[in-house]
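Everything below concerns the one structure shown next.
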Amino acid sequence: ETGVTQSPTHLIKTRGQQVTLRCSSQSGHNTVSWYQQALGQGPQFIFQYYREEENGRGNFPPRFSGLQFPNYSSELNVNALELDDSALYLCASSIRDSGETQYFGPGTRLLVL
Amino acid sequence: QKEVEQDPGPLSVPEGAIVSLNCTYSNSAFQYFMWYRQYSRKGPELLMYTYSSGNKEDGRFTAQVDKSSKYISLFIRDSQPSDSATYLCAMSEGYSGYSTLTFGKGTMLLVSP
């Protein structure tokens, strides 16, 4: 069984740029959630995708957007990067209606200069 | 008041000690409770998953949920240096169109040989 994978592992961008992060769900999982984890903090929910549609959103501005593809892989896009966007971005996959168990990938560490 | 409170530590113990990690929460709608372990610069790994109140044991790990007190605990018996990591508690209201996890800040545990 293949776990959740994310790419790239690390990324350095400058303020104002745009970034795309990628996630492949665990085999058989149809729901993907994205979280932002700042240094020393717990992960914060960004949004969730199910059947290629956004299914819920946390307290993040519209410049954070996403996609889910038919094979359940997903992208997180962030426009107009700000210094505070520097964080570990985590993708978690799950099976809808099977409880609340979410399995996380290793994350992408983004540094905005 | 944050929805989920967790002492960030660090908590330092000698090898073989019993470790107690705790979280309190304010949202009485939380039904699902999880503990994740996160090694430095890695994604969270699911350790324990509990629905509603009660105890659950898995090897050296025991999770307890007291919904009346809005208090959850994770006990680690015979702690090992390899248990050194940050432990995150996470909670969810359950499926209501979509599910999201609300995390504590995490407690850093250091087990010395």
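The values are calculated or read from the model by the stated rules, or taken from the named source; none is laboratory data. Given the structure is predicted, the values throughout are model-derived calculations rather than measurements. Cβ sites come from the backbone with ideal geometry, for glycine too, and all protein chains shown count toward neighbours. Ligands, DNA and RNA are excluded from the accessible area calculation, which covers all protein heavy atoms including side chains. Shrake-Rupley method; radii C 1.70, N 1.55, O 1.52, S 1.80 Å.
Calculated accessible area for the protein assembly as shown comes out at 47 Å² per residue, all protein chains present (probe 1.4 Å; ligands, DNA, RNA ignored). Along the range B:43-56 the Karplus relation, 6.51 cos²θ - 1.76 cosθ + 1.60 evaluated at θ = phi - 60°, assigns HN-Hα couplings of x, x, 10, 5, 9, 9, 9, 9, 9, 6, 7, x, 10, 9 Hz to successive residues, with x for each Gly and Pro.
Give the B-A buried accessible area in Å², both sides summed, 1.4 Å probe, nearest 100.
On the way: alone 6290 and 6280 Å², together 10700 Å².
For chain B against chain A, roughly 1900 Å² becomes buried.
Distance cut-off 27 Å, Cα to Cα: go down the list B:LYS42/B:LYS67; B:LYS67/B:LYS105; B:LYS42/B:LYS70 and report the pairs above it.
Values: B:LYS42/B:LYS67 30 Å; B:LYS67/B:LYS105 20 Å; B:LYS42/B:LYS70 29 Å.
Long pairs (Cα-Cα over 27 Å): B:LYS42/B:LYS67; B:LYS42/B:LYS70.
Using only alpha carbon pairs under 8 Å that are at least six residues apart, calculate the relative contact order of chain A and give it in whole percent. Don't jump to the answer; show the numbers that get you there.
On the way: 294 pairs, mean separation 41.3, N = 113.
RCO, chain A: 37 percent.
Taking amide H as placed 1.01 Å from N in the peptide plane, B:LEU109 has its amide H under 5 Å from the amide H of B:LEU11, B:ALA85, B:THR86, B:TYR87, each at least 5 places away in sequence or on another chain. When each of the peptides B:42-48, A:57-63 is scored by the mean number of other C-beta atoms lying within 10 Å of its residues, the order from highest to lowest reads B:42-48, A:57-63.
Distance between the pseudo-spin-label points of B:LYS42 and A:THR14 (7 Å out from Cα toward the beta carbon): 3.6 nm. Mean separation of Cα pairs under 8 Å and 6 or more residues apart, divided by the residue count, gives the range A:28-74 a relative contact order of 33 percent.
Using the Cβ-Cβ distance between A:ARG109 and B:SER112 with R0 set to 25 Å, the FRET efficiency works out to roughly 0.35.
Close amide-amide hydrogen proximity is noted between A:THR5 and A:SER24, each under 5 Å apart and 5 or more residues distant or on a separate chain (H modeled in the peptide plane; Pro and chain starts excluded). Placing pseudo-labels 7 Å out from each Cα toward the beta carbon at A:ASN59 and A:ASP97 gives an inter-label distance of 3.3 nm.
Just to confirm the filter: which chymotrypsin sites (Phe, Trp or Tyr not before Pro) across the range B:32-113 are DSSP coil and have at most 13 other Cβ within 10 angstrom of their Cβ?
Numbers: sites: B:TYR32, B:PHE33, B:TRP35, B:TYR36, B:TYR39, B:TYR49, B:TYR51, B:PHE61, B:TYR71, B:PHE75, B:TYR87, B:TYR95, B:TYR98, B:PHE103; in loops: B:TYR39, B:TYR95, B:TYR98.
Answer in residue order: B:TYR39.
Within the accessible area of the protein assembly as shown, the carbon and sulfur atoms contribute 48%, probe 1.4 Å, all protein chains present.
Work out the length of the dipole vector of chain A about its Cα centre, built from +1 on the beta-carbon of each Lys and Arg and -1 on the beta-carbon of each Asp and Glu, and round it to the nearest 20 debye. Kindly include the intermediate steps, with their values, before the conclusion.
Numbers: 8 positive and 10 negative charges, 57 e Å.
So the dipole magnitude of chain A works out to roughly 280 debye.
Do any residues of the range A:26-56 lose at least 30 Å² of accessible area when the full set of protein chains is present rather than just their chain alone, and if so which, with a 1.4 Å probe? So the qualifying set is A:TYR35, A:GLN37, A:GLN41, A:GLY42, A:PRO43, A:PHE45, A:GLN48, A:ASN55.
For the range B:29-67, which residues drop by 10 square angstrom or more in accessible area between the chain on its own and all protein chains together (1.4 Å probe)? Flagged in the range B:29-67: B:TYR32, B:MET34, B:TYR36, B:GLN38, B:ARG41, B:LYS42, B:GLY43, B:PRO44, B:LEU46, B:TYR49. Projecting the Cα positions of A:GLY107, A:GLN48, A:SER86 onto the charge dipole of chain A (unit charges on Cβ atoms of Lys, Arg, Asp and Glu, taken about the Cα centre) puts A:SER86 furthest along the positive direction.
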